[in-house]
Amino acid sequence: QFDVVIVGAGHGGAQVAVMLRTQKFSGSIAIIGEEPELPYERPPLSKEYFAGEKEFERIQLRPAKYWGEREVTMLLGKRVVSVDPIAHTVTTDSGETVGYGKLVWATGGHPRMLPIPGGDLPGVQGVRTRADADAMKAASETAKQIVVIGGGYIGLEAAAVLTKAGKKVVLLEALDRVLARVAGADLSRFYEKEHREHGVDLRLGVCVDAIEGEDHVTGVRLSDGEVIQADLVIVGIGIVPAVEPLIAAGADCANGVRVDPLCKTSLPDIYAIGDCASHVNDFAEGAEIRLESVQNANDQANVVAKGIVGDEAPYHAIPWFWSNQYDLKLQTAGLSTGHDQAVLRGDPANRSFSVVYLKAGSVIAIDCVNATKDYVQGRMIVTAGLRATAEQLADTETPLKALLP
Ligand code: FAD
C-alpha cells in the first residue's frame, strides 16, 4: 500500500514523484514501470542516443541514487494489467497487487504498427523504448538499405541519423507532405528539400501494401506493385495510448483516457497525464486533444503533484516541442492546427527562419528553424495571442517582442 502509486516510469511518471517531493509531500510513493530501466529521456532515442553520441547514463532523468534518497520505490519490469477502482488496487502481470491512495496513470503509448501482411516480421521496428533504439541501432549497422515508414518527427530524425552515418535510406510518407499533422506546408517543403539534399530517397503520397520476407523483412511492397528492398524497416506512424486497464476499469476514454483540467479521470482518485491523456487544451481553442511532448508530460505531472498536496490549479501551459535533424534545430511553440494564415519570417534558403501561424488575425503558433531568438520571443507572442499583420511579422528587422503592446 502506497499513498501515491504512479504507473509508468517515463517522463510524466518521474516528474510527478520529483514534484511531489519538491512540494514536501511526505507520504509513500511507488512507481511501477514496464521497462527495466530507471526513468530516462525518450527524445534522444531518435537523436543523440541513436546516433551513438550520448551514452545511456547521460539520458537518465535523474541519477539512480536520487530515487533512493527521495524514498521513491521503483517497481520496474512490471506491467500493470488491471485496476480495481473500488478496492484502490492495481495488479501487475506477475500477479502482484499494490494498493494506492491516489493513482497516477502515466503510461504513454505503444508504437502503432502497420496493419498489413508482414507488418510484424522481424526487422520491422517501432521506436518507443531504449530496447527499440538498441535493436534499431544494431540492425542498422549491417543493413544495406533501410526503409523508414512515416514522415513525422521520429521518422525524419531517424532518417537524418542514418543518412549521416552513410546508410541508404528510403522514407515513405502516405500524405503529400511530411510533418502534415503538426506543421504548415512551408516547413514541410523545407524539410523535404533538406532530406533529399542529404541523400534520403523521400517519397510522398505512397501507400504501403505489405512487408515482404520469410522469417525476416526483405522488402516493402507499395500499392503500385513496386518492391523496395529493405533489411530494416523503421515504423514511425504514431502511438496507441496505453490505457487498456483503465478502459476495463470503466474510465471515460476517447482517444486516450479523458481527464479534466486538474488531470483527474472519471474514476475516483485516479489521475492521468502525458501522451495517454485526452484533455481540453486552451491552446487548441478548447479542443480535446492528446499532446505527445515532454512539455505536456512534465506540466501535467506538475498539475497532479500540486493537486495531491492541495494546491490545485488547472492545466494551462503553452505547448512547446523541438526536433533535431542534421544541423537543424527546430523549436515550436503553440499549436498550428487550424491556422488560416502562415507568415514566413526570414529565408529558408539561409537555413535560419521562422513560420508564424495566425488564426483570425491572432498569432497561435510559431515554428523556428535555427532561430532561437524568434522562438524565445515567439512564445511570448503566442501566449499573448498577439494580433499583428503579416508585414509586421515578416519583418526580420523588428524583434517579435517589439510587436507586443
Ligand atoms: P512515456 O515517457 O512514454 O512513459 C510511459 C512509460 O509507461 C513507459 O516506460 C512504458 O513502458 C510504461 N508503461 C506503459 N504501460 C504500462 C503499464 N501497463 N504498466 C506499467 N508501465 C507501463 N517529445 C518532445 O517534446 N521532443 C522531442 O524531440 C521528442 N522526441 C521523441 C523521440 C522519440 C523516439 C519518442 C519515442 C518520443 C519523442 N518525444 C519527444 C515524445 C516524448 O518522449 C513523450 O511525449 C513523452 O515521453 C511522454 O511522456 P509520458 O510520461 O506520457 O510517457
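Straight distance only, please: which lysines reach the Cα of Lys47 with their own Cα at less than 30 Å, same-chain residues fewer than 8 apart left out? Cross-link targets: Lys65, Lys78, Lys137, Lys144, Lys164, Lys167, Lys168, Lys193, Lys329, Lys373. The modelled label-to-label distance for the pair His316/Ala287, using points 7 Å beyond Cα in the direction of Cβ, is 2.1 nm. In this structure the amide hydrogen of Lys168, modeled in the peptide plane, comes within under 5 Å of the amide hydrogens of Ile146, none closer than 5 places in sequence on its chain.
Please report the antiparallel percentage of DSSP beta bridges with both residues in the chain, rounded to the nearest 5. Don't jump to the answer; show the numbers that get you there.
On the way: 49 of 84 bridges.
Counting only bridges with both partners in the chain, antiparallel ones make up about 60 percent.
All other residues with a Cβ under 15 Å from the Cβ of Glu57 taken together, and with Lys, Arg as +1 and Asp, Glu as -1, what is their net charge? Summing Lys/Arg as +1 and Asp/Glu as -1 gives -1. Comparing Val309, Val127, Val257 in a Gaussian network model of the chain (Cα springs below 10 Å), the most mobile by mean-square fluctuation is Val309.
With only Lys, Arg, Asp and Glu charged, each at its Cβ (+1 for the first two, -1 for the last two), find how big the charge dipole of the range 239-332 is about the Cα centre; round to the nearest 20 debye.
Values: 5 positive and 13 negative charges, 23 e Å.
Around 120 debye, computed over the range 239-332.
The orientation-averaged projection of the convex hull spanning the C-alpha atoms of the range 193-290 amounts to 10.4 square nanometres.
Report the net charge of residues surrounding Val80, where surrounding means a beta-carbon distance below 9 angstrom and charges are Lys +1, Arg +1, Asp -1, Glu -1.
Numbers: positive: Lys78, Arg79; negative: Glu34, Asp93.
Taking every other residue near Val80 into account, the sum is 0.
Between the amide H of Gln125 and those of Val233, Ile234, Val235, distances stay under 5 Å, these residues lying 5 or more places away or on another chain, with hydrogens modeled in the peptide plane.
Phi angles of the range 305-319 translate, via the Karplus equation with coefficients 6.51, -1.76, 1.60 and θ = phi - 60°, into HN-Hα couplings of 4, 5, x, 5, 8, x, 10, 6, 8, x, 5, 8, 9, 5, x Hz per residue; Gly and Pro are given as x. Counting beta carbons within 10 Å around each of Trp105, Trp67 and listing the fewest first gives the order Trp67, Trp105.
An oblate overall shape is assigned to the chain, the ratio a/c of its alpha-carbon gyration tensor axes (a ≥ b ≥ c) being 1.5 or greater and a/b not exceeding b/c. Placing pseudo-labels 7 Å out from each Cα toward the beta carbon at Thr22 and Val81 gives an inter-label distance of 3.6 nm. Only one residue of Pro111, Val18, Ala297 has its Cα farthest out toward the positive end of the dipole of the chain, where Lys and Arg carry +1 and Asp and Glu -1 on Cβ, and that residue is Val18. Taking the number of Cβ atoms within 10 Å of each Cβ as an exposure proxy, the fewest-first ranking of Leu76, Leu61 is Leu76, Leu61. Coupling constants for the range 86-98 follow from the phi torsions by the Karplus curve (6.51 cos²θ - 1.76 cosθ + 1.60, θ = phi - 60°), and in residue order they are 7, 6, 6, 9, 10, 10, 9, 5, 8, x, 7, 10, 10 Hz; glycine and proline get x. Starting from the Cα gyration tensor of the range 283-405, take the square roots of the eigenvalues, sort them a ≥ b ≥ c, and report rounded, prolate or oblate (rounded when a/c is under 1.5, otherwise prolate if a/b is larger than b/c, else oblate). Because a/c hits 1.5 or more and a/b exceeds b/c, the range 283-405 counts as prolate. For the pair the range 322-392 and the range 180-252, the centres of their Cα atoms are 26 angstrom apart.
Based on the alpha-carbon gyration tensor of the range 35-145 and its eigenvalue square roots a ≥ b ≥ c, which shape applies: rounded if a/c is under 1.5, prolate if not and a/b is larger than b/c, or oblate?
Working: a/c = 3.05, a/b = 1.43, b/c = 2.12.
Oblate is the answer for the range 35-145, as a/c is 1.5 or above yet b/c matches or exceeds a/b.
What size of dipole, in debye to the nearest 20, comes out for the chain about its Cα centre when the only charges are +1 on Lys and Arg C-beta atoms and -1 on Asp and Glu C-beta atoms? Numbers along the way, then the final one.
Numbers: 39 positive and 53 negative charges, 175 e Å.
So the dipole magnitude of the chain works out to roughly 840 debye.
In order along the range 371-383, the phi-based Karplus estimate (6.51 cos²θ - 1.76 cosθ + 1.60, θ = phi - 60°) of 3J(HN,Hα) comes to 8, 5, 5, 4, 5, 4, 6, x, 4, 5, 6, 5, 4 Hz; Gly and Pro are listed as x. A cut-off of 5 Å between modelled amide H atoms, ignoring neighbours fewer than 5 places along the same chain, links Ser82 with Thr91. By other beta-carbon atoms within 10 Å, ranking Asp132, Asp215, Asp252 with the fewest at the front produces Asp215, Asp252, Asp132.
What order do you get for 5-18, 26-39 when each peptide is scored by the mean count of other beta carbon atoms within 10 Å, highest first?
Working: 5-18: 27.9, 26-39: 19.1.
Result, highest mean Cβ count within 10 Å first: 5-18, 26-39.
With one equal scatterer per alpha carbon and no solvent term, the Debye-computed log10 I(q)/I(0) for the range 1-85 at 0.16, 0.22, 0.24 1/Å reads -0.64, -1.06, -1.19.
For Lys168 and Asp209, calculate 0.36 nm times their separation in residues minus their Cα-Cα distance, and state this gained length in nm to one decimal.
Numbers: separation 41, 0.36 × 41 = 14.76 nm, distance 2.15 nm.
Working it through step by step, the gained length comes to 12.6 nm.
Bear in mind that the values in this text are calculations on the coordinates, not laboratory data. None of the values given here were measured: they were computed from a predicted structure. Here the Cβ is made from the backbone with ideal geometry for all residues, glycine too, and neighbour counts use every protein chain on show.
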